[in-house]
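What follows is a single structure, written as structure tokens, with notes after it.
The values are calculated or read from the model by the stated rules, or taken from the named source; none is laboratory data. Everything numeric here is computed off the predicted structure, so don't read it as measured data. Ideal geometry is used to build each Cβ from the backbone, glycine not excepted, and the neighbour counts take in all protein chains shown.
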């Protein structure tokens, strides 16, 4: 396999719209990811070029136990939610959220224009994700698949 530079827009959109189980999956409507890191076979961290249509969200409000997250806005004016505080971002703005800080985050496109941003995160085995506003919890399994449960431990 010959590795060479490529335009990020030439990398196919992810065929899987979301890994969230029902009833949360439909909430990701309007979000499209191009998994740039996967295209190059990266395994230690992921890089996604993500597009949010007007009204779309990046994810449910969440925070990670082991994974650091970083976003960099390329286009548009998303709203960054950090717990109960909101920040209006513009192209060129960035934010990092360190793991295990219980700082829940989410991007929301409240504008009439498309938002495009880079999201970067590591792939720490055993990472757990808390969703403070939803009856949902996730754990990254050793095979790279997320296991979703209710907060009481019942699987979805």
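Please determine whether any residue of region 116-137 is modelled with pLDDT under 95, within 12 Å of the chain's Cα centre (by Cα) and surrounded by 15 or more Cβ atoms within 10 Å (Cβ to Cβ).
yes
Any idea which of 95, 61 is under 14 Å from the mean Cα position of the chain (by Cα), touching a residue at least 12 places away in the same chain (Cβ under 8 Å) and under 24 Å from residue 22 (Cα atoms)?
Exactly one of 95, 61 is under 14 Å from the mean Cα position of the chain (by Cα), touching a residue at least 12 places away in the same chain (Cβ under 8 Å) and under 24 Å from residue 22 (Cα atoms), namely 61.
Step by step: first the residues of region 16-39, then only those that are surrounded by fewer than 18 Cβ atoms within 10 Å (Cβ to Cβ) and under 11 Å from the mean Cα position of the chain (by Cα), then the one that is nearest to residue 139 (Cα to Cα). Which residue is that?
This residue is 19.
Residue check, residue 42 against (1) surrounded by 13 or more Cβ atoms within 10 Å (Cβ to Cβ); (2) touching a strand residue (DSSP E or B) at 6+ places or on another chain (Cβ under 8 Å), all met but one. Which one?
Result: residue 42 passes all but (2).
Does region 64-82 hold any residues that are over 26 Å from residue 7 (Cβ atoms), more than 12 Å from the chain's Cα centre (by Cα) and in contact (Cβ under 8 Å) with a residue 24 or more places away in the chain, and which are they?
Of region 64-82, the ones over 26 Å from residue 7 (Cβ atoms) are 64-68, 79-82.
Remaining after also requiring more than 12 Å from the chain's Cα centre (by Cα): 65-66, 79-82.
Of everything in region 64-82, those that are over 26 Å from residue 7 (Cβ atoms), more than 12 Å from the chain's Cα centre (by Cα) and in contact (Cβ under 8 Å) with a residue 24 or more places away in the chain turn out to be 65, 66, 79, 80, 81.
Given the conditions (1) in a loop (DSSP other than H, G, I, E, B); (2) modelled with pLDDT of 95 or more, report the number of the one that residue 26 does not fulfil.
(1)
Checking residue 81 against (1) more than 26 Å from residue 135 (Cβ to Cβ); (2) not in a loop (DSSP other than H, G, I, E, B), which single condition isn't satisfied?
(1)
Sort out for me the strands (runs of 3 or more DSSP E) sitting completely within region 103-156 that have 1 or more residues that are touching a residue at least 12 places away in the same chain (Cβ under 8 Å), out of contact with any helix residue (DSSP H, G or I) (no Cβ under 7 Å at 6 or more places or on another chain) and under 23 Å from residue 74 (Cβ atoms).
By residue number, 105-108, 115-122.
If you go through region 19-28 one residue at a time, how many are free of Cβ contacts under 8 Å to residues at least 60 places away in the same chain and farther than 15 Å from residue 106 by Cα? Outline the logic, then answer.
Restricting attention to region 19-28, the residues satisfying the condition of being free of Cβ contacts under 8 Å to residues at least 60 places away in the same chain are 23, 25-28.
So of that shortlist, the ones also farther than 15 Å from residue 106 by Cα come out as 23, 25-26.
So the answer is 3.
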